[in-house]
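Taken together, the values in this text are just the output of simple stated rules run on the coordinates, not laboratory data. The model shown is predicted, which means the values in this text are computed figures rather than measured ones. Virtual Cβ from ideal backbone geometry, glycine too; neighbours counted across all protein chains shown.
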Amino acid sequence: MTDRKSPPVSTGGGDDGTTTLLGGGRMSKSDARIIVLGNVDEASSFIGLARTESEGDMAEVLINLQRLLYRLMGDVAMPNEANVVGKSDIEYLETVLEEWRGRTEIPDQFVVSGEGRLGALLDVARSVVRRAERSLVTAGYAKEHPDALKTVNRLSDLLFILARNAEGNAPLSKG
């Protein structure tokens, strides 16, 4: 055990309905930007829950998606700073999407979530990412940072593919 004192978990600073942003300043917890941050954080949490049920390549993809969402939250929290999330992240998502699309047969009918726990968790994460996407648009942030909107759009597509893969929808043979 170290002598170093841990930071407080509760400061009471938010008891007035405001919160401190990364980089300083306070704003209402009902501000559109805070709603975006909450939705993205919730999506990351659900991806983390799905990650506890995954292994191998999928677990690696999921941790990378969580790290991407943390960088996106930094962009949202500090709008006057240079954006961290950009075209290379979109390209990463598109590459991973195509790779997993090649491993997964997509049903030609409406998908009802719940064939398996991991698939269902990924579908919940996808629906929360879609909420984050809507809140980005509502907050006007998508105009400030169009790559953020593209990122969450590709992310929801990737989560759909990963969910179908997790449900074991007849993976296609490699050759």
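Figures for the structure shown
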read-out	value
Projected area averaged over orientations for segment 28-166, convex hull of C-alpha atoms, nm²	8.3
Exposure proxy ranking, count of Cβ atoms within 10 Å, fewest first, for S10, S44	S10, S44
Over the chain, relative contact order from alpha-carbon pairs under 8 Å, at least 6 apart, %	27
Extension gain (nm, one decimal) between D41 and V84, 0.36 nm per residue minus Cα-Cα	13.8 nm
